[in-house]
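Engineer: The structure under discussion is supplied below as structure tokens; questions concerning it will follow.
The values are calculated or read from the model by the stated rules, or taken from the named source; none is laboratory data. Nothing here was measured: the structure is a model prediction, and the numbers come from that model. In this analysis, Cβ positions are derived from the backbone assuming ideal geometry, glycine residues included, and neighbour counts consider all displayed protein chains. When the accessible area is computed, the model is the full protein with side chains, heavy atoms only, and any ligands, DNA or RNA have been set aside. Shrake-Rupley method; radii C 1.70, N 1.55, O 1.52, S 1.80 Å.
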Amino acid sequence: MKTEILQQLDGYGDVIKEIEVLRKYGYDYSIDRGTIRQYIDRLHPASLDLKIVDIIEETPSARTLRLASGGYLPPFQAGQYIALTLDIGGVRTGRAYSISSPPNQTGYYDITVRRVEEGYVSSYLLEEASPGQRIVTSGPSGNFFFHPILHDRTMVLIAGGSGITPFMSMIREIVQCGIDREVYLFYGNRSDDDVIFHDELTEISSTFSNIHYIPVIEKPSRNYKGLAGYITADVLTKELRELSGKTYYLCGPPAMYDFCLPQIEGLGIPKKKIRREMYGTPKGISAHPGWPSGVKEDAVVTVLLQGGRTITASSGEPLLNSLERNGVIVPFLCRSGECSMCRVKLLSGKVFQPEGVLLRKSDREYGYIHSCAAYPLEDLEILI
Amino acid sequence: MTDYDVIVIGAGNAGLTAATSLALKGTRVILLERHNIPGGCATSFCRGRFEFEVSLHQLSGLGTAKSPGPLRATLNSLGVLDKLHFVEMRDLYRVIMPGRLDVTLRANRNEAVQELQKKFPAEKEAIASFFDFVYKFFQEVIGAFYLNDPEISRQKYPLFFQYALADSQSILDKYFQDPLLKLALSVYWTYMGVPPRHLPFSDLAALLFAYIEFRPFHMKGGSQMLSNTLLDQLLRHGGTARFNCAVERILVKDGAVRGVKTEQGDEITARCVLSNASPIATYIEMMDRDEVPEPLITQMRSSTVGTSFFTIYMGFDCDPSELGITETTNFICATTDSDRDYTESKRLECDESSFIISCYDVSDPDFSPPGTCQAALVTMKYAEPWLRLPPSQYASVKYRCAEQLLARSEEVFPGLWGHLEEMEIATPITHMRYLGHPGGGPYGFDQYAKDSTMFVSPKPPIVGLYGAGAWYGSAGYQPTLMSGASAARAILKELKA
Ligand SMILES: Cc1cc2nc3c(=O)[nH]c(=O)nc-3n(C[C@H](O)[C@H](O)[C@H](O)COP(=O)(O)OP(=O)(O)OC[C@H]3O[C@@H](n4cnc5c(N)ncnc54)[C@H](O)[C@@H]3O)c2cc1C
Ligand SMILES: Cc1cc2nc3c(=O)[nH]c(=O)nc-3n(C[C@H](O)[C@H](O)[C@H](O)COP(=O)(O)OP(=O)(O)OC[C@H]3O[C@@H](n4cnc5c(N)ncnc54)[C@H](O)[C@@H]3O)c2cc1C
Ligand code: FES
């Protein structure tokens, strides 16, 4: 609108006067340079540059890496994870690890890693990572934690193997900070000589009456006295007596998860009372419901990156891993299909996406996939 | 030869429509977005079985095929109108002040007037003449301002000349006595971010007129569907987009832009750069002080960073009817004193804040999985107190504020708390993180009369540099979507010249 018209509007002069006064006394935003980033980084830094300050051998198959920044670390809620980015044998990749130290410990984050058969990153962390080494991680992430508004004060924690780590953080926080919550921990392991944190848990449960520790061993040794077998509906019912008024948290490798979830659901526990975290992508993906019968896991397909190169990938492996092996950088966090960080657009070809991948409706409509949980079934073209 | 004709910084509503318009005209355009997904505010995220809508409550200005609003033409010219499925809302809103007021206004002038007359019989005539006034005034605004009548004069547009810069409170006071009635007609002020005492009456009139005449809408798949559809259209027409690619520097030489440098260190050259990031980020973060013309810094001195929000995204294990939610949009007010209410938005605590509950499933039963529904509870909150909070207290304060609001919702919708299955809480800091805006402001600067495009040009005095979106004009879906398209027209002109 032309100034000579504007000038005729009632009140124009008053607005101009306001502007003049404010320009004289107002705020000079140039002193704010860099502050937005600082505010965000205090809580949600895009990445952290950490150092391994200590390594604690836990069991024959697991060790704890203590990570510190030398200064400030952003707070987290017990149960959250960090994603590590590593360069292993020339491949830039990474994995998510729950923080096992409690949030009240502000000087470092502990992660506790258990060996996974033929695991690329876990083997590296167990065999090669050494004190003094620097590791780039994400800030604390994830939605697997006690939610005071949604959850009950009695927590039933069901862990399998390395799935103990978020619970360790929760339990340590509860006992160290004197939080008024009751915990039943069901902890499944294959053998009784490889139970991470067993001594500490035994000690805590004998000291604190609100912490109940129930180990369950699949193949117990001869003089083992506790519960044997799997964590079943029966075991839960017997130990808990009353099932309602409690929130259930399930965490562990996909096989344990696939077994325990139906057990809990079978008890008639409503969906909203069950929280879960699945550790990584399942082994033997072709056994999953919905996998097309004609496709073998070792099938090799090609993936054309729009406007770029063509790489090869194998059907039984998440697309993200193949991309990384070929030096293609795709951001990631959870690597279990939930967070959407690794989202890429599928221009042609088919992928298998297991149930539980949290895809937006509009992403599905426009062919986006979460590459960490998408298995190429045929030749693909994608847009990063 | 430059790498591109135009670089667009930010894939919010304005960035998306600008880039898409340019691509449709055969311009070589690249869109750079810091986040991994397009949309800015216009996005969604998943928790459990729910996909939470982040920001779209009521889309304005769309209208129907028979009686089209201005946004319809914009979306049509972008070639996306037919690809989206819109859901019309029956009501403007329900306003509730527990124990004192409960009235639902239909998105229909006569019905709204009658309903108000029934509730406020003593002010029957005033209600009718207020609506007459809003309509007459706004029709003049359309002719004089939006259609830019070349023969504009005070004789032709008397109401426009008299009231274009008037505030809303003085008009409400002129027509009405009962504070509850004034409240019922002015609750939309939170959609603009400043209270009626400061809200230009032209904005309040625009809201009432546009939402009644063109109806409030939502869309299937939520606002992320809009963002994905616009991006798809951009890519189909030869445009390029990069995500996880924040612009760190705008390259300027001799008072003209040359291109940008990304956080990965890539330099991309272009004749024009359009920023959908805030002016503070654009002129202060992305340029050096000596590259920025002094008038820009001076101009910003007269503006204040606008409000952000505290939002609870809620997924319920039942239908809306079981919660007693019968309308999509519910304003739940704590007081009739809007100045007091506004002051509350500068406080951390939410125990006395007014708020909105929008339950999308009321209008679109497919919005959430069968047997469930979702709602967003939103209250205006400035970032300042959140920035002063020690990080270690952030999570617990979030929960405390959410509890305060949920307790107040229980008064209106008893049993709501018990049906919660999933929830996520967003604060001004959350908005800051995902948008990169100062103060986490999805509305840009506070929108006083002095901040309108009548007084502040969205075009910075640097050759080839443009701005579009909430920070460069009005906030909201319709204005930002349209501002991108109009910035694209200005850029095309410059490219041709
Ligand atoms: C949120 C979250 C938190 C976690 N927290 C922890 C934790 O606290 N502690 C912990 O120990 N772990 C944790 N995990 C698991 C961890 O992230 C890794 O998934 C785990 O360490 C295995 O990684 P890897 O690289 O060793 O195995 P990978 O190399 O990823 O292998 C995983 C499985 O796939 C199979 N496989 C490997 N290569 C191929 C191939 N080419 N084709 C087909 N199959 C193949 C392997 O045999 C193996 O069984 C967490 C996971 C998530 C998602
Ligand atoms: C809770 C909530 C409810 C709302 N309800 C409604 C409603 O009901 N109706 C309505 O009309 N409006 C509503 N709004 C307002 C509306 O959503 C916004 O005004 C509008 O979406 C803003 O669009 P924009 O174009 O200004 O860009 P924004 O959405 O602000 O996006 C800016 C983009 O720029 C990117 N960016 C920033 N810096 C950089 C950089 N350096 N490099 C690259 N990219 C960068 C950001 O990541 C972001 O994607 C609501 C907003 C919120 C938050
Ligand atoms: S990394 Fe989280 S969904 Fe793939």
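Engineer: So A:Ile311 clears everything in (1) away from ligand 3 (no atom under 16 Å from the Cβ); (2) open to solvent by 20 Å² or more (accessible area, probe 1.4 Å) except one condition, right? Which one?
Structural biologist: The single condition A:Ile311 does not satisfy is (2).
Engineer: Going by what's in this entry, would A:Leu320 be described as open to solvent by less than 30 Å² (accessible area, probe 1.4 Å), within 16 Å of ligand 3 (Cβ to nearest atom) and away from chain B (no Cβ under 13 Å)? Talk me through it step by step, then tell me what you get.
Structural biologist: On the way: open to solvent by less than 30 Å² (accessible area, probe 1.4 Å): yes; within 16 Å of ligand 3 (Cβ to nearest atom): yes; away from chain B (no Cβ under 13 Å): yes.
Considered against the rule, which asks whether it is open to solvent by less than 30 Å² (accessible area, probe 1.4 Å), within 16 Å of ligand 3 (Cβ to nearest atom) and away from chain B (no Cβ under 13 Å), A:Leu320 comes out as yes.
Engineer: Just to confirm my filter: which strands (runs of 3 or more DSSP E) fall fully inside segment B:1-112 and include at least 1 residues that are away from ligand 3 (no atom under 16 Å from the Cβ) and buried (at least 22 other Cβ atoms within 10 Å of the Cβ)? Before the answer, list the steps.
Structural biologist: Details: elements: B:4-9, B:29-32, B:44-47, B:50-53, B:86-88, B:91-97, B:101-106.
It comes to B:4-9, B:29-32, B:50-53, B:91-97, B:101-106.
Engineer: Next up: Read through the list (1) more than 30 Å from A:Leu320 (Cα to Cα); (2) part of a helix (DSSP H, G or I); (3) open to solvent by 60 Å² or more (accessible area, probe 1.4 Å), then give the number of the only condition that A:Ala255 fails.
Structural biologist: A:Ala255 satisfies all of (1) more than 30 Å from A:Leu320 (Cα to Cα); (2) part of a helix (DSSP H, G or I); (3) open to solvent by 60 Å² or more (accessible area, probe 1.4 Å) except (1).
Engineer: For segment A:191-220, enumerate the residues that are small (Gly, Ala, Ser) and either closer than 16 Å to A:Ser100 by Cβ or open to solvent by 50 Å² or more (accessible area, probe 1.4 Å) (or both). Show your work before the answer.
Structural biologist: Going through segment A:191-220, the residues small (Gly, Ala, Ser) turn out to be A:191, A:205-206, A:209.
Once the filter is applied, which keeps residues that are small (Gly, Ala, Ser) and either closer than 16 Å to A:Ser100 by Cβ or open to solvent by 50 Å² or more (accessible area, probe 1.4 Å) (or both), segment A:191-220 yields A:Ser206, A:Ser209.
Engineer: Let me ask you something else. Please determine whether any residue of segment B:162-175 is of a type in the set (Asp, Glu), open to solvent by 20 Å² or more (accessible area, probe 1.4 Å) and either more than 14 Å from chain A (Cβ to nearest Cβ) or not in a loop (DSSP other than H, G, I, E, B) (or both).
Structural biologist: yes
Engineer: Wholly within segment B:289-378, which strands (runs of 3 or more DSSP E) include no fewer than the required count, namely at least 3 residues that are within 14 Å of chain A (Cβ to nearest Cβ) and buried (at least 16 other Cβ atoms within 10 Å of the Cβ)? Reasoning before the result, please.
Structural biologist: Numbers: elements: B:308-316, B:329-332, B:355-359.
So the answer is B:308-316.
Engineer: Could you check, for segment A:355-370, whether at least one of its residues is part of a strand (DSSP E or B) and either under 19 Å from the mean Cα position of the chain (by Cα) or away from ligand 3 (no atom under 16 Å from the Cβ) (or both)?
Structural biologist: yes
Engineer: Something else about it: When you look at B:Val463, is it within 12 Å of another protein chain (Cβ to nearest Cβ) and more than 30 Å from A:Leu150 (Cβ to Cβ), yes or no?
Structural biologist: Answer is no for this residue.
Engineer: Taking the condition of being open to solvent by 50 Å² or more (accessible area, probe 1.4 Å), out of contact with any Pro (no Cβ under 8 Å at 6 or more places or on another chain) and more than 16 Å from ligand 3 (Cβ to nearest atom), how many residues in segment A:75-107 meet it?
Structural biologist: Adding up the residues that qualify gives 5.
Engineer: If you don't mind, there's one more thing I want to ask. Quick one: in segment A:11-50, which of the residues that are open to solvent by 80 Å² or more (accessible area, probe 1.4 Å) and touching a residue at least 60 places away in the same chain (Cβ under 8 Å) is nearest to the chain's Cα centre (by Cα)?
Structural biologist: By that ranking, first place goes to A:Ala46.
Engineer: Go through the residues of segment A:344-357 one by one and say whether even a single one is farther than 19 Å from A:Gly316 by Cβ and within 16 Å of ligand 2 (Cβ to nearest atom).
Structural biologist: Looking through segment A:344-357, none of the residues is farther than 19 Å from A:Gly316 by Cβ and within 16 Å of ligand 2 (Cβ to nearest atom).
Engineer: Could you check A:Phe144 against (1) part of a loop (DSSP other than H, G, I, E, B); (2) within 11 Å of ligand 1 (Cβ to nearest atom); (3) open to solvent by 50 Å² or more (accessible area, probe 1.4 Å) and say which number it fails?
Structural biologist: (3)
Engineer: Specify which of the listed residues (A:Lys273, A:Lys238) is surrounded by 18 or more Cβ atoms within 10 Å (Cβ to Cβ) and more than 16 Å from ligand 2 (Cβ to nearest atom). Break it down into steps so the answer makes sense when it comes.
Structural biologist: On the way: A:Lys238 fails: surrounded by 18 or more Cβ atoms within 10 Å (Cβ to Cβ).
Testing whether each residue is surrounded by 18 or more Cβ atoms within 10 Å (Cβ to Cβ) and more than 16 Å from ligand 2 (Cβ to nearest atom) leaves just A:Lys273.
Matching residues to (1) closer than 24 Å to A:Ile36 by Cβ; (2) not small (Gly, Ala, Ser):
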{"position": "B:Met432", "(1), (2)": "yes, yes"}
{"position": "B:Tyr443", "(1), (2)": "yes, yes"}
{"position": "B:Lys450", "(1), (2)": "no, yes"}
{"position": "B:Phe455", "(1), (2)": "no, yes"}
{"position": "B:Val463", "(1), (2)": "no, yes"}
{"position": "B:Ala470", "(1), (2)": "yes, no"}
{"position": "B:Gly473", "(1), (2)": "yes, no"}
{"position": "B:Ser486", "(1), (2)": "no, no"}
{"position": "B:Ala497", "(1), (2)": "no, no"}
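Engineer: Right, here's the next one. Report, by residue number, each residue of segment A:333-351 that is within 15 Å of ligand 3 (Cβ to nearest atom) and either touching a helix residue (DSSP H, G or I) at 6+ places or on another chain (Cβ under 6 Å) or more than 28 Å from A:Val136 (Cβ to Cβ) (or both).
Structural biologist: Across segment A:333-351, the qualifying residues are A:Arg335, A:Gly337, A:Cys342, A:Val344, A:Leu346, A:Val351.
Engineer: Which ranges mark the strands (runs of 3 or more DSSP E) fully within segment B:180-254 that have 3 or more residues being within 12 Å of another protein chain (Cβ to nearest Cβ) and surrounded by fewer than 21 Cβ atoms within 10 Å (Cβ to Cβ)? Spell out how you get there, then give the answer.
Structural biologist: Values: elements: B:217-219, B:240-242, B:247-253.
By residue number, no strands (runs of 3 or more DSSP E) qualify.
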